[in-house]
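> Dumping the structure here so I can ask a few things about it.
What follows draws every value from the coordinates through simple rules; no lab data is involved. Predicted, not measured: the structure shown is a model, and the values here were computed from it. Neighbour counts are summed over all protein chains in view; Cβ atoms, including those assigned to glycine, are modelled from backbone coordinates with ideal geometry.
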């Protein structure tokens, strides 16, 4: 139950990275977590998508992504992509694949974009700039 409670506290903006054909792709997502159900929407270089799925008390996650607008590859509109992963308390990591072609896919990571994390990152870069100056 611990994993479920933590996820439910992290509804809101998330960031992600996935590997597609050897290229790392960044994405922005807005997730909602409630009572084991995941819903979300986001965008990446390929277009705009919606995500739906479930999460379990052991941290396992299963989601489906469907693009409703594809700017990079219009023929991908409506094709379902499955995401299977694990929430470890800091981020979700796993593998995505095309439902009709399970061998086509790659790794992914997703993490909450919390203000405290962004502030910590800004302080880190500022300190690094001071050291280099």
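> Each label point is 7 Å from the Cα along the Cα-to-Cβ direction; what then is the distance between the points at residue 15 and residue 114, in nm?
With each label point 7 Å from Cα toward Cβ, the separation is 1.5 nm.
> Taking the Cβ of each residue in 111, 14 as the centre, tally the other Cβ atoms inside 10 Å and list the residues starting with the fewest. Walk me through the numbers on the way to the answer.
On the way: 111 16, 14 20.
Taking fewest neighbouring Cβ atoms as first place, the list is 111, 14.
> Applying 1/(1 + (r/R0)^6) with R0 = 22 Å to the Cβ-Cβ distance of residue 70 and residue 24, what FRET efficiency is obtained, to the nearest 0.05?
Values: r = 19 Å, r/R0 = 0.87.
Working from the Cβ atoms, E equals 0.70.
> Taking R0 as 25 Å, what's the FRET efficiency between residue 57 and residue 95 from their Cβ-Cβ distance, rounded to 0.05? Don't skip to the answer; put the middle values down first.
Values: r = 21 Å, r/R0 = 0.85.
Result of the calculation: an efficiency of 0.75.
> Only counting other Cβ atoms within 10 Å, I'd like 21, 46, 58 sorted with the fewest neighbours first. Before the final figure, lay out the partial values.
Details: 21 7, 46 18, 58 12.
Ranking 21, 46, 58 by Cβ neighbours within 10 Å, fewest first, gives 21, 58, 46.
> Let a ≥ b ≥ c be the square roots of the eigenvalues of the Cα gyration tensor of segment 66-115; is it rounded (a/c under 1.5), or, if not, prolate (a/b larger than b/c) or oblate? Please list the in-between numbers first.
Working: a/c = 3.17, a/b = 1.55, b/c = 2.04.
Oblate shape, in that a/c is at least 1.5 and b/c is the bigger or equal ratio.
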